[in-house]
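S.K.: Got a structure here, written out as structure tokens. Questions coming.
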Amino acid sequence: MNRLTCKAGRRGRTAGLVLFSVLVPAQAAAQTPERTSVLRYASLNGNIRGELHMLPPVSTGPMSPTWSPDGEWIAFAMAGDIWCVPAEGGTAEQLTRGPWYHFEPDWSPDGSRIAMTVETSDGLDIAVLELDGGEVKHLVAGGGVDVQPAWGPEGRFVYFATAGQGMDIHRIEVGTGRREAVAEGPGSRYQPRVSPHGVLAYMAPAPGVTGSGGIWTRSLPEPGNGIGAVSGEPVLVRAEETAYRARPDWLPDGSALVYVSDEAGSNDLVLIGAGGGNPLRLTGGTSHELTPRVSPDGGRIAFVSNESGPTKLHVMTVSGGARSSWQTLDLSDRAHLDPVGRLRATVVDETGSPTPARVTVYGPDGRGYAPLGEFHRVLTPTETHYFRTAGTFEVEVPAGPVTIQVRKGLEYRPVHHAVEISTGDNPELSLQLDRLIDTRDLGWYSGDTHVHDLHQGRYGLTHEDFFNDIASEDLRVAIALIHMDGTRLMGRWDDLTGRPHPLSTGEHILQYAQEFRGWFGHVGLAGIDRFITPLIGGVANTPFAADLLNADYLDAAREMGGTGGFMHPFHGPVDTPENVGVSEIPIDAALGAGDFYDVICFWYDELANAEIYYRLLNAGFRLAATGGSDNFSDVWRDPGPGASRTYAQLEGPLSVDAWLEAVRQRRTFATNGPLLFLTVDGVEPGGEIRVPEGGGGERLVVVEAASITPWSTVEILVNGTVVEAFDATDRGERFRVEARVRTDEGGWIAARALGPPSPLVADGYAFAQTSPVWIVAGGREYRSEEDVRFLLAAAEAFRARVAIRDRWATTADRDHFLTRVDTAIEVYRNLLR
């Protein structure tokens, strides 16, 4: 390798010196195309955690360090580019530029090139940067998911993980472009690393262990002979529960591997022999150490750690040591390829006071930028990059035209601003928000039934960070659910107290609660002051493999004075009872367990979930329509709290108890954008109108509507059928519609709204759904025989499924479970009688 600088032939630090061209399919636009899927990468086949935890982030701190072959330099990813810095510290030099984002560098054995992952408008590609001349060549392209490049020891091949039915490991010959499979399923294989002696280490499922896989090794096939030429069987080095963080790397002599383990409660660096054995933990504490890479001489490890907030780049000895012995590389001195300027701004509310908000900044290269030290995130459905501010922010961006968008919840109009940024400092901007509506004037308060703070993300999210997220979304109540994933706790045990978190104010309240994750669905348990254990059920290879009944948890929460409901109810087709029978919801509803139903959840289709909500209402089960985001606040692909939210109408001052009581009384509407205020003969959602048998004539339905997001229609439903639809395309931000409808048999009346995808909608499309106003005709509850029969068939399908599964700890547990299921089935049969 040339030892002049980390870029062969570079002279000096002249800002704006163009050093390379980028070979890409097309020029990036400042606003990325709208998407209708909440998963960015369809080729991951719905693997939510794979997308959130495995795929590389645009990070304001360093990620994925790699050593130069002479050990003099460390390259790393940061702010969408690849950088390098002297291993002993010094100026960090930018190696790539837009319009695309660059991640996961790996230095070639001869030092002349760096392989990397590149995110284009089509997907994630594998590319190579030629350090002598700066040209970027895409080796693997085409709109898929190709990540985690790793050079072979001879520099002839680049190994990488590619998405198909799962993740497989392929390699490509750099000189010819010939590609072949190296390690394939069943199950995913990913995070390849090749030893100097030609042995592949990778992650793949391990028998008897939950999580994303264990560490395996195997000898490599001869070039061109494909996977059938593998000369040795896979060897399991280490089986433990992982979450896409292991990233094993070889010591140069092939004797051992360094990897990331979270067995101690945080992600730590661990050293283990190549043949397995007892692992040696190298780091500890509460911070997360990630992406280790061993130096060419085998004496040091470069890695990143997120003690608080963004990651920092460290170097330590390969045998471990106290945190005080780590070398932390200062990256504040940076040499950019192009001139940069500093954008300073303050967001102010209608009173002129600084206020928390969500901010999107796009530079002249079309890429999103965030303040160094803050959390750079992206809203997946529209690929909208953003960060959050407490009020004032500073962003370093390439000089030129910059666009800014500021948003604060659903009741403030978004701010759009364009500015020309010159090199160096620029005048500070004041970005004024003004209200479209203040729903508190009508007694309505926004909340979210389902948010998460800690979920194995790569950003060191504090309570203060999380609370600022809530305030920046103008969310009045956030129910943060602590739960268990496998055997890993997502959250902190001590946060569940039954009281608002001390950071809460009269304007915004954070309170922790519990999510029980059973095999047949997840339920939220709000307003409780202690955990209902165990936190999971039906999960193989854990101490909690036995199936448990969600209804028991919902009943226990109610006995504590809490409120329970159904989280992200359905994520597949709901057209047949057999499809619906994968869920326990028809059982729980018949047993009277559960107070609310999350019609809206960021991850899943609202119209499909609403279809079952209508069937439940038509069977006589009165459930509140709610919205719960199920967001992971410490991961970078995250919509944030309030992406799916619940508005509840209170009869007095704001408190968690009052808000949950309004949910129990079904005085709610759910939304990811449009705001709907429904009355039926002056009665609001959750209310009841009693009329004579035969319906008593027409009902006057009024919908007051307001929205910062585009919308298409506002619809009125009677017993699940749309009876009136109003074109909302050109009606502006606020309007009112009226209709007279008949409900001769009684039943219920509700409203909903739909709209197209938009960067302002943290979902695939805009949707809102009110809870109903019930019409009781002649003293008799309305029920649809068709819907009761459908739910009965779903309940019977559920019973057959759990009986075949037969996963209970004791005969008594089995009898209890099936007795309650049979009781629910009898409820449906009695309704038909």
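S.K.: Indicate, rounded to the nearest 5 percent, the antiparallel portion of the DSSP beta bridges found entirely in the chain.
M.R.: 85 percent
S.K.: Please state the Cα pair-distance histogram of region 324-466 with 10 angstrom bins from zero: what percent is in each bin?
M.R.: Reading upward from the zero bin: 10, 34, 35, 16, 4, 1.
S.K.: Continuing with the same structure: How long are the three semi-axes of the equivalent ellipsoid of region 597-745, in whole Å, if each is the root of 5 times an eigenvalue of the C-alpha gyration tensor, listed from largest down?
M.R.: 27, 19, 16
S.K.: Calculate one ³J(HN,Hα) per residue across region 116-128 by plugging θ = phi - 60° into the Karplus curve 6.51 cos²θ - 1.76 cosθ + 1.60, and present them in order as whole Hz with x for glycine and proline.
M.R.: Each residue of region 116-128 in turn: 7, 9, 10, 9, 9, 5, 9, x, 10, 10, 9, 9, 10 Hz.
S.K.: Moving to a separate point now. Show me, bin by bin at 10 Å from 0, the whole-percent P(r) of region 179-295 based on Cα pairs.
M.R.: P(r) over region 179-295, rounded to whole percents: 14, 47, 31, 7, 1.
S.K.: Express the relative contact order of region 71-151 as a whole percentage, based on alpha carbon pairs under 8 Å and six or more residues apart in sequence.
M.R.: Relative CO of region 71-151 lands at 21 percent.
S.K.: If I measure Cβ to Cβ between cysteines in the chain, which ones have no partner under 4.7 Å?
M.R.: For the chain, the answer is CYS601, because their Cβ atoms have no other cysteine Cβ under 4.7 Å.
S.K.: What number comes out for the charge environment of GLY142, summing +1 per Lys or Arg and -1 per Asp or Glu over other residues with Cβ under 9 Å away?
M.R.: After counting each charged neighbour, the total is -3.
S.K.: So if we plug the beta-carbon distance of ARG731 and ALA658 into 1/(1 + (r/R0)^6) with R0 = 45 Å, what FRET efficiency do we get, rounded to 0.05?
M.R.: Using R0 = 45 Å, I get an efficiency of 0.85.
S.K.: With +1 on the Cβ of every Lys and Arg and -1 on the Cβ of every Asp and Glu, and nothing else charged, how large is the dipole of region 593-692 about its Cα centre, in debye rounded to the nearest 20?
M.R.: Once rounded to the nearest 20, the dipole reads 220 debye.
S.K.: Out of residues 5 or more away from ASP547 or on other chains, whose amide H comes under 5 Å of its own, with H placed 1.01 Å from N in the peptide plane?
M.R.: Long-range HN contacts for ASP547: GLY538, ARG807, TRP808, ALA809.
S.K.: On to the next question. Would you please give the residues with an amide H less than 5 Å from that of GLU104, counting only those at least 5 places away or on a separate chain, with H modeled from the backbone geometry?
M.R.: Result for GLU104 returns ALA77, THR117.
S.K.: For ALA619, list long-range residues whose amide hydrogen, built 1.01 Å from N in the peptide plane, is under 5 Å from its own amide hydrogen.
M.R.: Hits under the 5 Å cutoff: SER784.
S.K.: Can you give the accessible area per residue of region 609-759, in Å², using a 1.4 Å probe?
M.R.: For region 609-759, the per-residue accessible area is 31 Å².
S.K.: A further question follows. Using only Cα atoms, figure out Rg for region 380-535 and give it as a multiple of 2.2 N^0.38 Å.
M.R.: Normalised Rg, Cα atoms only: 1.26.
S.K.: Rounded to the nearest 20 debye, what is the charge dipole size of the chain about its Cα centre when +1 sits on each Lys and Arg Cβ and -1 on each Asp and Glu Cβ?
M.R.: Dipole about the Cα centre, nearest 20: 820 debye.
S.K.: When only C-alpha pairs under 8 Å and at least 6 residues apart count, what is the relative contact order of the chain, in percent?
M.R.: Once divided by the residue count of the chain, the mean separation gives 9 percent.
S.K.: Can you find, among PRO639, PRO577, ALA593, the residue farthest towards the positive end of the dipole of region 560-679? Put +1 on the C-beta of Lys and Arg, -1 on that of Asp and Glu.
M.R.: ALA593
S.K.: Can you give me the Kirkwood hydrodynamic radius for region 699-828, using every pair of distinct Cα atoms, in Å to one decimal?
M.R.: 18.1 Å
S.K.: Take the alpha carbon atoms of region 753-769, find their center, do the same for region 415-445, and report the distance between the two centers in whole angstrom.
M.R.: Cα centroid of region 753-769 versus Cα centroid of region 415-445: 22 Å apart.
S.K.: Right, another one. Enter the Cα centre distance for the pair region 485-502 and region 571-616, rounded to the nearest angstrom.
M.R.: About 27 Å separates the Cα centre of region 485-502 from the one of region 571-616.
S.K.: Related question: Normalised by the number of residues in region 695-833, what is the relative contact order in percent for Cα pairs under 8 Å and 6+ residues apart?
M.R.: 21 percent
S.K.: Going out from 0 in 5 Å bins, what whole percent of all Cα-Cα distances in region 466-563 drops into each bin?
M.R.: 3, 14, 23, 21, 18, 11, 7, 3, 1
S.K.: Using the reciprocal of the averaged 1/r over all distinct C-alpha pairs, how large is the Kirkwood radius of region 568-630 in Å?
M.R.: The Cα-based Kirkwood calculation yields 11.7 Å.
S.K.: Here is a further query. With every protein chain kept in place and ligands, DNA and RNA left out, what is the accessible area per residue of region 342-457? Probe 1.4 Å, answer in Å².
M.R.: 31 Å²
S.K.: Restricting to region 371-504, what percent of DSSP beta bridges are antiparallel, rounded to 5?
M.R.: Bridges in region 371-504 that DSSP calls antiparallel: roughly 85 percent.
S.K.: At q = 0.16, 0.18 Å⁻¹, what is the base-10 log of I(q)/I(0) for region 218-369 according to the Debye formula with one equal point scatterer per Cα and no solvent? Please give it to two decimals.
M.R.: -0.98, -1.08
S.K.: Once Rh is set to the Kirkwood radius over Cα pairs, what Stokes-Einstein translational diffusion coefficient, in µm²/s, holds for region 584-668 at a temperature of 4 °C and a viscosity of 1.567 mPa s?
M.R.: Once the numbers are plugged in, D ends up at 93 µm²/s.
S.K.: Taking the alpha-carbon centroid of each part, what is the distance from region 507-522 to region 771-821 in angstrom?
M.R.: 23 Å
S.K.: How much space per residue, in cubic angstrom, does the convex hull of the C-alpha atoms of the chain take up?
M.R.: Dividing the Cα hull volume of the chain by its residue count gives 155 Å³.
S.K.: A follow-up question, please. Can you compute the radius of gyration and Dmax for region 645-724, using only the Cα atoms, both in Å?
M.R.: In order Rg, Dmax, the Cα atoms of region 645-724 give 14.5, 42 Å.
S.K.: Once every DSSP H run of n ≥ 4 in the chain is given -39500 (n - 2.57) and the sum is divided by its residues, what mean residue ellipticity at 222 nm do you get, rounded to the nearest 500 deg cm²/dmol?
M.R.: So the calculated ellipticity at 222 nm is -3500 deg cm²/dmol.
S.K.: How large, in percent, is the carbon and sulfur part of the accessible surface of region 653-733 at a probe radius of 1.4 Å?
M.R.: 45 percent
S.K.: Moving to a separate point now. Looking at the P(r) of region 75-210, how many percent of alpha-carbon pairs lie beyond 24 Å?
M.R.: Every Cα pair in region 75-210 considered, those over 24 Å come to 30 percent.
The values are calculated or read from the model by the stated rules, or taken from the named source; none is laboratory data. Everything quoted here is computed from the prediction, not taken from an experiment. Glycine gets a Cβ as well: all are built from the backbone with ideal geometry, and neighbour counts include every protein chain shown. For accessibility, only protein heavy atoms count, side chains too; no ligands or nucleic acids. Shrake-Rupley method; radii C 1.70, N 1.55, O 1.52, S 1.80 Å.
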